[in-house]
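Take a look at the structure below.
The numbers here are math on the coordinates, done by the rules we state, and not lab data. Keep in mind the model is a prediction, meaning the values are calculated, not measured. Virtual Cβ from ideal backbone geometry, glycine too; neighbours counted across all protein chains shown.
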Amino acid sequence: MVDELSRRAFLWTTALAVGGAAAAEAAQMQQSGSHEAQPGAAPRREGKDMQLRTVGIMSPGDMGSAVGQVLAQHGLTVIAALGERSPRTKALAAQVGIADVDTMENLVRQADVVLSILDPDAAITAAERVAEAMKSAGATPLYADCNSIAVQSARRIGTIMQGVGAPFAEASIIGAPPRGSSKPRIYVSGPQAAAFAQLGQFGLTVRVLGPEEGRAKAIKICYATLTKGTQALCTESFVTAKRLGVLEGLRAELEGSQPGLLKFAENGLQQMPPKAHRWIGEMHEIAATYQGVGLTPKMLAGAAEIYRDVSQTTLGRESPENQRTVARPFDEFIALLERDLPRG
């Protein structure tokens, strides 16, 4: 009896020290035996009062590993479930200080927030896998989908998370991975936007678009149309100019009349092929968004076909890490792309 009174006194004292509600809830949970506490784990808060210590990344590829590195450098523990991932993904995670917790169940038990940063066409499947892990582990961290997906797809993921009682944040990333001078912007909207925005205290640039759902996805969709949609048009234009023998003439004309567009193409296209496989699904998601508001989806569906073809070229099979180490003249780049793209 004395031991029991001492245990309760300790829990209530802790409640006063850390703000009351969370520790008091932990005391009630232990008393009822409804949850099994993890050794050394602090009570998990939700909403804007969430105490952010551990972030789970799905998956630490080119963007995910760079985001995880920033968070780790600013004091957070960053983890990933890498038990079934490729050697490249495991190497990227290890290089930037992301700890491998092996399984998704371990990840959701330990993480305060899970960031989904992966191929857009895998976003819903990933959310379903995490929801199953949450049910199995009895843990519901904040789940943030940061992928370039349609508003409709984000709603579906929100419904999946609602089904297991997990809070959901809708986010999107605009810009290159955070390396060197690159500072991507992460937009967030919806009821959990304030909770997600705490990541802004750990090296990321977070912009809150309010509590309304759909806005974070919408701004990414509209932005990617202008950037990646234009890159698809530039790819088709320059490859066609090469095949028809007017590449130099086209570049000369652009230098005189559209220097900004030429610079955009020369700076951006060479970074595109290793990412093309991920952009196929993104273009389909953009197309679905336009169809959902009554506009034609055909332009972006065509861009998806361009990126599908590019992904199958020699340049498309390069890794982003290798691509960053190669400095090719633009003419050579277009010649390599033209050689491998379909000829009808």
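Some points to look at:
- Restricted to the range 325-338, and to residues there that are over 17 Å from S311 (Cα atoms) and part of a helix (DSSP H, G or I), the residue that is nearest to the chain's Cα centre (by Cα) is F330.
- Scan of the range 76-88 for residues that are surrounded by fewer than 20 Cβ atoms within 10 Å (Cβ to Cβ), touching a residue at least 12 places away in the same chain (Cβ under 8 Å) and not in a strand (DSSP E or B), ordered by number: G83, R85, R88
- For P342: the one exception among (1) exposed (fewer than 14 other Cβ atoms within 10 Å of the Cβ); (2) out of contact with any helix residue (DSSP H, G or I) (no Cβ under 8 Å at 6 or more places or on another chain): (2)
- Criterion violated by P141 - all others in (1) surrounded by fewer than 22 Cβ atoms within 10 Å (Cβ to Cβ); (2) out of contact with any Gly (no Cβ under 6 Å at 6 or more places or on another chain); (3) in contact (Cβ under 8 Å) with a residue 40 or more places away in the chain satisfied: (1)
- Per-region count, the range 114-131, residues surrounded by fewer than 24 Cβ atoms within 10 Å (Cβ to Cβ) and within 14 Å of K275 (Cβ to Cβ): 4
- When the helices (runs of 4 or more DSSP H) confined to the range 138-249 are screened for residues that are polar (S, T, N, Q), those reaching at least 1 such residues are found at 151-163, 215-243.
- Yes/no for A304 being in contact with a Phe, Trp or Tyr (Cβ under 9 Å, 6 or more places away or on another chain), free of Cβ contacts under 8 Å to residues at least 60 places away in the same chain, surrounded by 17 or more Cβ atoms within 10 Å (Cβ to Cβ) and part of a helix (DSSP H, G or I): yes
- The sole residue among S257, S237 that is in contact (Cβ under 8 Å) with a residue 12 or more places away in the chain and among the hydroxyl-bearing types (S, T, Y) is S237.
- Leading residue by the ranking (nearest to N147 (Cα to Cα)) among those in the range 226-259 that are β-branched (V, I, T) and surrounded by 19 or more Cβ atoms within 10 Å (Cβ to Cβ): T235
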